[in-house]
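Scroll down for the structure; my scribbles are underneath it.
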Amino acid sequence: MLSRTLSAGVTGVDAYRVEVEVDTARALPSFSVVGLPDGAVKESRDRVRAALRNSGFAFPQKRVTVNLAPADVKKEGAGFDLPMALAVLAAEGVIEHTMLDSILSVGELALDGSIREVRGVLSVASMVAGMEGVRLIVPRVNALEAAVVEGVEVYVADSLSQVVRGLINAELERAGVERNAIWDRADATPQPDFSEVRGQDYAKRALEIACAGGHNVLMVGPPGAGKTMLARRLPSILPELERGEAVETSRVYSVAGLLNENMPLIVRRPFRAPHHTVSDAGLVGGGVVPRPGETTLAHNGVLFLDELPEFKRNVLDLLRQPIEDGEVTIVRAAGAATFPAKFMLVGAMNPCPCGFKGDPKRECICSIGAIERYAGKISGPLLDRFDIRIEVPAVSYDQMTGEGDAESSAAIRKRVEAARSLQWERLYQTPAYTNAQMSAKQTVEFCGTDAEGARIMREAMEKMGLSARGFTRALKLARTIADLDGGGAIGKRHVLEALQYRLQGHLW
């Protein structure tokens, strides 16, 4: 007997439809899975057999063949257990074939027949939203995650026997979740606030501009000056994720297996700070079956690299493509996977190995050669992709003990949100969200300066060595500064401040 049902696999962060076909024939008992299964899918044979038996169903003493179509796409993960078991039962007449016609299911089976959570359910639900008349069955743990997507009938189950009874009695359990209620489950963990940072007004201004336009920042300063402290407060002044951005970001975390019942949706902009020993696969993604790396987990948020020169140079250079393209494409023999990677890159480093080059109070003990080797760990092309490069000097005693509170993150965020709203209106119906993401054509259209500003930019290129990329990025930065001033035309003052952040020669 032949039966069919639907399931789904995930490539990158996108789901694709998989048709699960099961044929049972009178022959020596066997159970084979074809259709390019990986190790976890091949092991489904033992899980499905035990789950059926322990759920009160007899496993057919026949030759059982399972085909996962399309057969030329690598299948991975344990999410095919549940549809395999349902198709076997349909082939044996336990349930009607027609019951599975409008069902797409995913779920890992335990040996006792219970259903465990799987990765990528949010991506699967997004795919099902475009399939008319198809109902989705997911593990109960994944219910909130699947319910985020509108236009999908989501049903939940705790065990294989519960699904079978629900199909036979037409009483599948609907996921009783209000979609708006999911958004109310925002992370209530208090965020670090900029009011806790003493001094560093120049750095705060630069970081405000960076957040307003999505620009990359490099901070250089001695140990203990507050570089890490400033960076960790960036999410508190970034605008809240829009719903579309939240779903897009959550799909990444769903594929990575980082969503759960307590956090079914990413509602805050991510902040990722990998250790400097991270591998290339850990940073940009990879593996035999491609998985998202830190660049993708920082999508729509901040990627912070502390002690930047301590990272391997070849690992850092892998960032150049995602910074420009906003995505990472990983090619393997079995195919290619593309992950989104639009993030703000924030780096922090000391001016030299000991950290005290240029410090007025402490003597630098590094040789010229050591300083050059230290700075040389960051390639010129990567350095050129930092729109803002600032010094973060040591904080004085008076700044640390001065009276009065520093400006709060809430006050700064209002200005950032006002500038971002101008950009969203300007870049409406384009792939770009921020000034930093503007294309060359959009830069020409929206970043024109007055005559004085044009003269200053010419001098910067001809006399100060500003590269073509630096020229474009300086214009985008000037556009952001003008947006913080209300969104008018780019003037001399905006251009000068932008170049001030780009052309600090002693930093590179």
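The values are calculated or read from the model by the stated rules, or taken from the named source; none is laboratory data. Predicted, not measured: the structure shown is a model, and the values here were computed from it. In this analysis, Cβ positions are derived from the backbone assuming ideal geometry, glycine residues included, and neighbour counts consider all displayed protein chains. SASA here: full protein model, heavy atoms, side chains in, ligands and nucleic acids out. Shrake-Rupley method; radii C 1.70, N 1.55, O 1.52, S 1.80 Å.
Pairs linking a residue in segment 355-371 that is closer than 15 Å to Gly224 by Cβ to a residue that is loosely packed, with under 14 Cβ neighbours inside 10 Å and of a type in the set (Asp, Glu), with Cβ atoms under 9 Å and 6 or more positions apart or on different chains, are Phe356/Glu363. Among the residues of segment 297-314, some residue qualifies, meaning at least one is small (Gly, Ala, Ser), closer than 26 Å to Gln191 by Cα and touching a strand residue (DSSP E or B) at 6+ places or on another chain (Cβ under 8 Å). If you go through segment 440-453 one residue at a time, how many are of a type in the set (Asp, Glu) and in contact (Cβ under 8 Å) with a residue 12 or more places away in the chain? Total meeting the criteria: 2. Candidates Gln437, Gln500: the one that is touching a residue at least 12 places away in the same chain (Cβ under 8 Å) and of a type in the set (S, T, N, Q) is Gln437. Among the residues of segment 409-425, those identified as free of Cβ contacts under 8 Å to residues at least 40 places away in the same chain and not small (Gly, Ala, Ser) are Lys414, Trp424, Glu425. Residues that are among the charged types (D, E, K, R) and part of a helix (DSSP H, G or I) were ranked within segment 476-493; the one that is surrounded by the most Cβ atoms within 10 Å (Cβ to Cβ) is Arg479.
Among the conditions (1) part of a strand (DSSP E or B); (2) surrounded by fewer than 22 Cβ atoms within 10 Å (Cβ to Cβ), Glu462 misses just one, which is (1). Residues that are farther than 13 Å from Val163 by Cβ, open to solvent by 20 Å² or more (accessible area, probe 1.4 Å) and part of a loop (DSSP other than H, G, I, E, B) within segment 79-101 comprise Glu92, Gly93, Glu96, Asp101, listed in sequence order. Considering segment 20-37, the residues that are free of Cβ contacts under 8 Å to residues at least 60 places away in the same chain and surrounded by 15 or more Cβ atoms within 10 Å (Cβ to Cβ) include one that is nearest to the chain's Cα centre (by Cα), namely Pro37. Total residues in segment 424-449 satisfying the condition of being more than 20 Å from Asn216 (Cβ to Cβ) and open to solvent by 80 Å² or more (accessible area, probe 1.4 Å): the figure is 6.
Taking (1) open to solvent by 40 Å² or more (accessible area, probe 1.4 Å); (2) under 17 Å from Ala210 (Cβ atoms); (3) outside any loop (DSSP other than H, G, I, E, B) in turn, Glu407 satisfies each apart from (3). The residue pairs whose first member lies in segment 336-354 and is within 21 Å of Asp317 (Cβ to Cβ), whose second member is outside any strand (DSSP E or B) and among the basic types (Lys, Arg), and whose beta carbons are closer than 6 Å, counting only pairs six or more residues apart or on different chains, are Ala348/Lys227.
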